Every structure is written in C-alpha cells, then in structure tokens.
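Please read the structure below before turning to the comments.
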Amino acid sequence: MKNFRFLLIAFLLLVFFFSCKREDPIVDIPIKYGNIGFQFTHNVDGQALVVDTLIYTNAAGNNYMVNEVQYFVSDIVLQNSNGTFFSFGTGSDVHYVDSDLPSTSTWSVPDNIPVGSYTSIAFTFGLNEVRNLSNVFLNPPESNMFWPEFLGGGYHYMKLNGKWVDTASNLSAFNFHLGIGQTYDAVVVDSITGFVQNYFTVTLPNSAFTVREDKTTTVEIIMNMEKWFNTPNVWDFNECSATMQNQTAMQRAIENGGTVFSVGPIQ
Amino acid sequence: MVAGVAAVFFLLTACTKEVPVTVVYIGDSTQFNPKPYTIVSPWFFPTQMNIPADNPLTVDGVFLGRTLFYDLRFSGYQSADSQMCCATCHVQENAFECGMNGAFPNGHPVGITGIATPNVMLPVVNLVWQNDGYLWNGLIHPDNPQANRRSLEDVVSMAVYAHHEMQSDTNKARNAIAVISGYKPLFKRAFNTETITFHLMAKAVSQFIRSIVSVNSKFDQYLLHQISLTTSEGNGFVLFVTEQGADCFHCHGGDGNPLLTTYQFYNNAKDSVFNDSNDRYGVTGDPMDHGAYLVPSLRNCELTPPYMHDGRYTTLDEVINFYSEGLVNSPYVSPLMHKIANGGAHLTPQQKADLKAFLLTLTDYDLTSNPAYGPPPSFP
C-alpha cells in the first residue's frame, strides 16, 4: 500500500512537472528600427554664430570674431533606458564639421537604431588614439586637418580661427587648435620627449530622446563658442593666441571643452 | 586579321616603385576601343580625382590631348609667327609654368598680341586633385552661374579666346585642326568620331592636363621611407610643419597633405590696399576675400618663379624673407597668418637656409623629364 501511494504520488508529481515543462513555441519578436540624424550648430551667447564680424566679447574682455570652426566628433554612444549602449558601425564612427561647408552641418547616420527611449548621447571630441592615425583621411576637407607627424601625427581635433583686438589695438589672429600635445625636454630646446592624447568625452546634458519605428529623430548639437573661453578657464588671447605645441594651453582648452556642447530641439 | 597595329608608348612613372610603366596601344586605328588611363601615385595621395563623368581619361584621349597641347596650329593661325599652343607658356622643364629662363624672362607671359596676362602663371600640374576652383581666384567652378566657366575644359576654351593669350576663337582653332587628315584617326580612337569639334579638342587637352601629376619629388621618396633628408632639409621640414616655426603647413600641406596646398583662397598679408578686380572677392563678393588668391602648390617651386599672384618676388629667398618679416596687416588677412602681429615668423638666417633646403626637396625631376608629358614623337 505504501508502495502504491508512493507510486501514485510520484506519478502525479511527474504529470505536474511535465505539464509545467511543456515548452511554448518560441515567438521571434522582430526588432524595430528607426534612424537618427544630427544637426551641428554654433552659437555665441545664445545666438547663432555670425562669422567674420567683430561683435563678440569674451570673459577676458577681448573683442573678437570667429572666422571658421572645423572639428571632428567620433564614437557617438547612445544609452538606452534599459541600460544598454548603442554605437554606430564602421563608416558612421567619425563625422567632420566645417562652418565653411554647410553640408557638413547635417549628418544623417545610416545605421538602424533600435526603437525605444534613450537617456543620453555621448561622443568623443576629436579622435582617440586608435582612430587618430596619420593618412587615414586621404581626401579633403578632412586631409586638410592633418596634424604633423613630428608633433604626434593624426589630425587636428579642431581648428577654431579668428581675430581679436590686441592690447595695441591691432586686429590680431588667433588659432585655437586642438590635437595631440607634446612634452618637451626641460634642457634641450624643442626636444620632444612624449605625446599627450587630448581628446575628451562629451556627455550631452538633457539629451534624452526616443527612436520611433521608421522615423528619423534629429538632434541638434550646439557648440556654444564662448564657453571655450570662459568655463572654467578664462581665456585671454593676449596671453595665448596659438595653442599648438603648447600643452599647457591645450589642457586648459580641453577643460573648457567639457562645457561647450549642449542639445537643442530634438525632432 | 588585324588591319593595322598602332603602338603608342606612354612612359608613365610608377612613383611608388620608381619603375617606368609602358602602356602599349595595339589595335585597329579605325576602332574605338577606349583603354582607361590610370594615374599612378604613392599611397598617401588623394583617392578622389576631379575627372568629369563625361570626360574620363583614356590612353587615346590623353595622347590626342598631348598632341594638341604641343601643336602650334591649335591657336588657329596660319602664320608661323602668330602660332601658339599650350606648351608655348606651359613648359615641361619649368614644371609647366613659363619660368624665367625662356620666352618670358620676367616670368610673366604675354599673349600673341603682346598683352600680358593679368597674373603670373599657375602650373598645370596635379589639377586632377584640385576641387575648389581653377585660376588664382577660383573663377572656374561647377557652381559658376555662367555655363562656360565651370570646368577645366572651359579653361582651355578661355585660353583660345583670351586677348592676353591666343586671341583666337574656337572655330578658327577647330578649322585649323580639322583640315589635318592625320588627326581624324586620333579623334576616332579617342572619341569614336572623325568629326572634329572644338568641344572634343578641349576634352582631349583636358585629359592630357589631368594626366600630368607630380608625385616623385625627393620629399615623396622621403615619405615613402626610400631616402633620408639631410640635416638642413630635415630642420627645414620641421620649421615648415610647426606652428612655432615657420608654420607653412596650415595652407601648404606637408606629410598629411602631399599636394603641398589646400587649394583654398587666402589673403596672405602682402598688401593693405586692394583694388584688383581679379582677386577672390571679384568672384565671391565676400568682403573677407579682398586680396585673397589661390594657395599655390609648393611642388616644384624651385622651377616656378616668379612668386605670388603678381610675380612680385623672383627668388625663394625673397619669399622666405617676406614670410619671416614682411607681413602687412589688413582687416582681410587670413587668420591662419597668425604671426601677423609680429610681421612674420622672424626666422634666423640658418632657419631660412634650412627652410629653403626643404623647399628644394619638392622638385620632381620625373615630372620635368617624363617623355609621356613631352611633345609627341610626331605631329599629324
């Protein structure tokens, strides 16, 4: 009798477990995609940049103008609200922006982006050491950004060129350029002892957005030019008007770079 | 049975290997069998070329263009003392400028009627990589509202018409060539027609010009790790590519831009008064373009005096002295001339010598001696 009960209980348990273990058919839920594009704009004091015009005053009191700004952004990373990250594929990992070439201000990323809500956008300003190799861009306009091999090679992260009224009231030129820095021997003049990677990561504040199926979400990325010159380091062109071969200056510049970008309308 | 064999030898210099490449044309002279013409350059040169879709380079097209380039009858005149061709001014041994050692001792060419060109010459070298407008002011550009001012082919037409060049017209030029029966098979092979038009003549000449590349200077060989620079040349190179040195590279390229120019248009601080209607402002109307001109390539600069758009300097020493201590400020100076406040880079005599030594490494003797760029073996 005990055996019968044991067998009955065992049978019922087997029935119970097998019934629970019956596998439901696997249903593939298709991933839906949308697209993203970027619009790069340049502001000064909250207004659209007006080039070639001596109308701006920086935090140091310099009366200045901007003639052109050219730069690379790379390795854009989108953080999904589920905690995952999305990076663009090869061919979409670097973008060049040139205020003299309006077509570069718009970037339609060809990659398919999974639909959903994203909490932030981050990118590298400039090019990291893996990407920033000499002669990877053989054609203009990118090739015109080359950074001499003698100074570390690769490319300018940015050329920001303009003029200001100097202490002698002359209109002088500034070249606010960023790229690989150098360390120099303390004794031997102009002897380079090492190189410094000056690229930096920008995480755009308030950059949450949604990707919808078969729609393109366009994000405006604003470079607020005046912040290169005021936050946290106040920049006086009379003290430094050319940054190449001056790592101390470039370090101050990249510290300011962390505050330069913001997000405009997302559509 | 092949009706005939025409063999045209193009000695192209494969600069990556320093081995001449012989391209042999074999075929019926009456057949249209276009063989693509390949431009060979070191790996670090641009891959995108300014070749219009309706005028691709072919071996036969380039050969026809080369023949026309050197044919004095191209100008359309019968009298020998009135005849002129592209090569009258664009001299191979002078890197396709007139230089100061030939027909124009001051380096400033004059046309058939003795009228001088508005500016001195630009070389017809490496134009296949020039994208942002031809001539000193970039007038010839695809965006020009005038349909006959957009391409290199248009520049060929302008040379025929211009009163300071051939002062002829395209009908005369066409007629002068069309009556030469020997040209018909050349046009047949190049364009599949024996009907000669100036339109096709300009296409052929443009093909030949696009084939002229300078890619094998001592500097190129240095970049290919085939040779070393001397100490002075190396010091000059460092000056060339450093902002705290002579800072030439932002406009004139270097190891990352072997064209030795950005082909942009800048005011390089030569003057403070601007009244030249042929400057960049004359094309764009942008006030910042007053006194701006094309940044010329420094390739072969040893062979191409005089310098600047108006030929004001006749030696490289004068040019170096200008950039060292002769800059003139104005509201229109390019900001890339960032040493403007001090009047220049203020180089020492040794630095000037080193910089000049480097500039001399940019001379390409393959360009000046390559038979493929010289006159054809014979004229029709």
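The values are calculated or read from the model by the stated rules, or taken from the named source; none is laboratory data. These figures come from a predicted structure and were not determined experimentally. Glycine gets a Cβ as well: all are built from the backbone with ideal geometry, and neighbour counts include every protein chain shown. Surface areas here come from the heavy atoms of the whole protein model, side chains and all, with no ligands, DNA or RNA. Shrake-Rupley method; radii C 1.70, N 1.55, O 1.52, S 1.80 Å.
A few points about this structure:
- Taking amide H as placed 1.01 Å from N in the peptide plane, the amide H of B:Thr58 sits under 5 Å from that of B:Tyr37, each at least 5 places away or on another chain.
- Projecting label points 7 angstrom from Cα along Cα→Cβ for A:Ser103 and A:Val130 puts them 3.0 nm apart.
- Neighbouring partner chain Cβ atoms per residue of B:328-334, average, 10 Å criterion: 3
- With Cα atoms, 0 to 90° folded angle of helix B:316-325 axis to chain B main axis: 40
- Over 21 Å between alpha carbons, listed pairs B:Lys218/B:Lys339; A:Lys163/A:Lys227; A:Lys227/B:Lys339; A:Lys163/B:Lys356; A:Lys163/B:Lys339; B:Lys35/B:Lys172: B:Lys218/B:Lys339; A:Lys227/B:Lys339; A:Lys163/B:Lys356; B:Lys35/B:Lys172
- Reducing the stretch B:224-241 and the stretch A:64-98 to their Cα centroids gives an inter-centroid distance of 36 Å.
- Reachable lysines, given that their alpha-carbon falls under 16 Å from the alpha-carbon of A:Lys32 and they are not under 8 places away in the same chain: A:Lys215
- Rounded to the nearest 20 debye, dipole of the stretch A:37-266 from Cβ charges on Lys, Arg, Asp, Glu: 320
- Just checking the listed ones, A:Val136, A:Val66, A:Val202: in the Gaussian network model of chain A with Cα springs under 10 Å, the one fluctuating most is A:Val136.
- Base-10 log of normalised Debye intensity for chain A (one unit scatterer per alpha-carbon) at q = 0.08 Å⁻¹: -0.42
- Using a Gaussian network model of chain B in which every pair of alpha carbons under 10 angstrom is joined by a spring, one finds that among B:Ser75, B:Ser151, B:Ser228 the greatest mean-square fluctuation is at B:Ser228.
- Dipole of the protein assembly as shown, positive direction: furthest Cα of B:Pro56, B:Val110, B:Pro46, with charges on the beta-carbon: B:Pro56
- Inter-chain Cβ neighbour count for A:164-173, averaged per residue, equals 3 (cutoff 10 Å, partner chain atoms only).
- If the Kirkwood radius is taken over C-alpha pairs of chain B, then at 20 °C and 1.002 mPa s the Stokes-Einstein diffusion coefficient equals 98 µm²/s.
- Projecting the Cα positions of B:Pro349, B:Gly253, B:Leu298 onto the charge dipole of the stretch B:218-363 (unit charges on Cβ atoms of Lys, Arg, Asp and Glu, taken about the Cα centre) puts B:Pro349 furthest along the positive direction.
- Per-peptide average of other Cβ atoms within 10 Å, ordering B:171-178, A:43-50, B:61-68 highest first: B:61-68, B:171-178, A:43-50
- Computed extension length for A:Thr203-A:Ala48: 53.6 nm, one decimal, from 0.36 nm per residue of separation with the Cα-Cα distance subtracted.
- Taken about its Cα centre, the stretch A:122-222 carries a charge dipole of about 240 debye when Lys and Arg each add +1 at the Cβ and Asp and Glu each add -1 at the Cβ.
- A:Thr216-B:Ala147 FRET efficiency (beta carbon distance; Förster radius 41 Å; 0.05 resolution): 0.70
- The phi torsions of the stretch A:225-235, fed into the Karplus equation with coefficients 6.51, -1.76 and 1.60 and a -60° offset, translate into couplings of 4, 5, 6, 4, 10, 9, 10, x, 9, 6, 9 Hz, rounded to whole numbers, with Gly and Pro shown as x.
- Chain B, accessible surface, carbon-and-sulfur percent (1.4 angstrom probe): 54
- C-alpha long axis of helix A:2-21 to longest principal axis of chain A, angle in °: 40
- Among the GluC sites (Glu not before Pro) within the stretch B:125-231, those in coil by DSSP and having at most 15 neighbouring Cβ atoms inside 10 Å are B:Glu194.
- Table column - 3J(HN,Hα) (Hz), the stretch A:93-98, Karplus curve with 6.51, -1.76, 1.60, x for Gly and Pro: 8, 9, 9, 9, 10, 9
- Applying a DSSP loop filter and a limit of 15 other Cβ atoms within 10 Å to the GluC sites (Glu not before Pro) in the stretch A:205-255 leaves A:Glu213, A:Glu239.
- Karplus-based coupling profile of the stretch A:256-267, in residue order and whole Hz: 6, x, x, 10, 6, 9, 9, 10, x, x, 10, 10, with θ = phi - 60° in 6.51 cos²θ - 1.76 cosθ + 1.60 and x standing for Gly or Pro.
- Neighbour cut-off at most 16 other Cβ (10 Å), DSSP loop, trypsin sites (Lys or Arg not before Pro), the stretch B:253-350: B:Arg312
- Within the accessible area of chain A (1.4 Å probe), percent carbon and sulfur: 56
- Interchain or long-range residues, amide H under 5 Å from A:Phe146's placed H: A:His156
- Computed FRET value (nearest 0.05) for A:Asn139 with B:Leu224, which takes r as the C-beta separation and R₀ as 25 Å: 0.80
- Among A:Phe176, A:Phe85, A:Phe123, residue whose mean-square fluctuation peaks in a GNM of chain A (springs only between Cα atoms under 10 Å): A:Phe85
- Solvent-accessible heavy-atom area per residue, rounded to whole Å², over the stretch B:51-215 at 1.4 Å: 37
- Size descriptor, Kirkwood hydrodynamic radius, that averages inverse alpha-carbon separations across the stretch A:137-236, Å: 17.5
- When only alpha carbons are used to place a centre, the stretch B:157-208 and the stretch B:343-380 end up 31 Å from one another.
- The protein assembly as shown, helix-only ellipticity at 222 nm - DSSP H runs n ≥ 4, -39,500 (n - 2.57), divided by all residues, nearest 500: -6000 deg cm²/dmol
- Ranking A:Phe237, A:Ala249, A:Ser105 by how far each Cα lies toward the positive end of the dipole of chain A (charges on Cβ) leaves A:Ser105 at the top.
- Paramagnetic label zone (point 7 Å from Cα along Cα-to-C-beta, B:His108; backbone N under 19 Å) in the stretch B:127-154: B:136-137
- Put simply, the amide H of A:Val77, placed in the peptide plane, has neighbours under 5 Å in A:Ala122, A:Phe123, leaving out anything fewer than 5 places away on its chain.
- Separation of the A:Thr248 and B:Tyr365 label points, Cα + 7 Å toward Cβ, nm: 4.8
- Each label point was placed 7 Å from the Cα along the Cα-to-Cβ direction; for A:Thr183 and A:Ala59 their separation is 2.8 nm.
- Helix B:198-211 and the longest principal axis of the C-alpha atoms of chain B enclose an angle of approximately 50°.
- The protein assembly as shown shape via C-alpha gyration tensor axes, a/c threshold 1.5: oblate
- Overall dimensions of the stretch B:51-215, expressed as equivalent-ellipsoid semi-axes from the Cα gyration tensor (√(5λ), whole Å, largest first), are 22, 20, 15.
- Loss of accessible area when A meets B, both sides summed, Å² nearest 100, probe 1.4 Å: 2600
- Taking the DSSP bridge list for the protein assembly as shown and keeping only pairs wholly inside it, about 90 percent are antiparallel.
- Computed about its Cα centre, the charge dipole of the protein assembly as shown is approximately 1780 debye, with only Lys, Arg, Asp and Glu carrying charge at their Cβ.
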